[in-house]
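Student: Sharing a structure, written as C-alpha cells. Questions coming.
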Amino acid sequence: MLSGRPPAASYVLIDAENIDWAVSNVVGRKPESQDRVQFDRLVSFCETNFPAPVRCVVVLNARGEQLPDVMIGFVRALKSAGCEVALLYGRPDQKVVDLGILKLLENIRTQRPGAAVVLASHDGADFADALKPMLEEKRQVAVLGLREYVSQRFRELVPSGLKILDLELNARVFNRPLPRMLPVNVDEFDPGVFL
C-alpha cells in the first residue's frame, strides 16, 4: 500500500544495526556517542548528493509489539534528524530488518520508477540481488558503509553502476575520526601524514 504523499526522487534505506556492527568492529567495543553515525549529517549528505526530494528510512527491529524504553530516545533522535523510522518485529527466526528493507526495495522498484536508491548497509548477501534489477534499469544506486566492511557481493555490482560511498570519508558522518586500518591507493597517498 502506498502512502498518499508525493513520491521521493531518492530513497535512503538505513540498516542501523548493520552500520553499528561495523563501527563496533572498527573501535573494538560498543560505540560511544562520539563514534556513532550523526544521522542529520547523513541526511544532509544524501540531500546534497542525490536527486531531491530525499526520503531517509531507518529500519529497526523493535523486538516486540511495544517499543522498548531504551529505544525511545534513539527513535526520537532519528526523527529529529529528518529520518523516518520503520519499527518492525517478527518471529525470533526472522531477520526482521533485512525482510523490511527487502520489502522496501521491492516496492521502490515496482512503485517508484526511476527513483534513486541508497542503501546504508554492508550486507551484500541479503541485498545485492535486490539492487541488481534497479541497476539494470539504469537507476542511480549506491551503498553507504565503511568500505573495508562492504560485502564482495556489492563490489561485484560496481561494473553495473553501483556506487560505493564511505560513511566517514565521503559522507563525514562521525564526530571524530575512527581508528580504521584502511589501505590507501598509492596515487592518493599523502606522505605528509607520516612526517
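Student: ASN18 - would you say it is open to solvent by 60 Å² or more (accessible area, probe 1.4 Å) and under 18 Å from ARG147 (Cβ atoms)?
Tutor: For ASN18, the condition - open to solvent by 60 Å² or more (accessible area, probe 1.4 Å) and under 18 Å from ARG147 (Cβ atoms) - is not met.
Student: Turning to a different aspect of this structure: Considering each residue of region 30-55, count those that are farther than 27 Å from PRO179 by Cα and either touching a Cys at 6+ places or on another chain (Cβ under 7 Å) or aromatic (Phe, Trp, Tyr) (or both), and give that number.
Tutor: Qualifying residue count for the region: 2.
Student: Return the pairs, sorted by first residue and then second, in which the second residue is open to solvent by less than 90 Å² (accessible area, probe 1.4 Å) and outside any loop (DSSP other than H, G, I, E, B), the first residue lies in region 167-195 and is farther than 14 Å from ARG147 by Cα and basic (Lys, Arg), the beta carbons are less than 6 Å apart, and the residues are 6+ apart or on different chains.
Tutor: Listed by first residue and then by second, the contacts come to ARG176/GLN34.
Student: Name the residues in region 157-182 that are open to solvent by 100 Å² or more (accessible area, probe 1.4 Å) and under 25 Å from LEU42 (Cβ atoms), would you?
Tutor: Correct list: LYS163, ARG172, PRO177, MET181.
Student: Please indicate, with yes or no, whether at least one residue in region 77-95 is part of a helix (DSSP H, G or I) and in contact with a Leu (Cβ under 7 Å, 6 or more places away or on another chain).
Tutor: No; the residues of region 77-95 include none that is part of a helix (DSSP H, G or I) and in contact with a Leu (Cβ under 7 Å, 6 or more places away or on another chain).
Student: Search region 123-142 for residues being open to solvent by less than 10 Å² (accessible area, probe 1.4 Å) and small (Gly, Ala, Ser), and hand back the single one that is modelled with the lowest pLDDT.
Tutor: Filtering first and then ranking leaves GLY124.
Student: Within region 78-99, can you find the residues that are in contact (Cβ under 8 Å) with a residue 24 or more places away in the chain, charged (D, E, K, R) and more than 10 Å from VAL59 (Cα to Cα)?
Tutor: Of everything in region 78-99, just one residue is in contact (Cβ under 8 Å) with a residue 24 or more places away in the chain, charged (D, E, K, R) and more than 10 Å from VAL59 (Cα to Cα), namely LYS95.
Student: Next up: Considering only region 185-194, I want to know if a residue exists there that is open to solvent by 40 Å² or more (accessible area, probe 1.4 Å), more than 30 Å from LEU67 (Cα to Cα) and of a type in the set (Phe, Trp, Tyr).
Tutor: Yes; the residues of region 185-194 include at least one that is open to solvent by 40 Å² or more (accessible area, probe 1.4 Å), more than 30 Å from LEU67 (Cα to Cα) and of a type in the set (Phe, Trp, Tyr).
The values are calculated or read from the model by the stated rules, or taken from the named source; none is laboratory data. Small disclaimer: the values here were computed from a predicted structure and weren't measured. In this analysis, Cβ positions are derived from the backbone assuming ideal geometry, glycine residues included, and neighbour counts consider all displayed protein chains. Quick note on the areas: whole protein, heavy atoms, side chains included, nothing else; ligands and nucleic acids left out. Shrake-Rupley method; radii C 1.70, N 1.55, O 1.52, S 1.80 Å.
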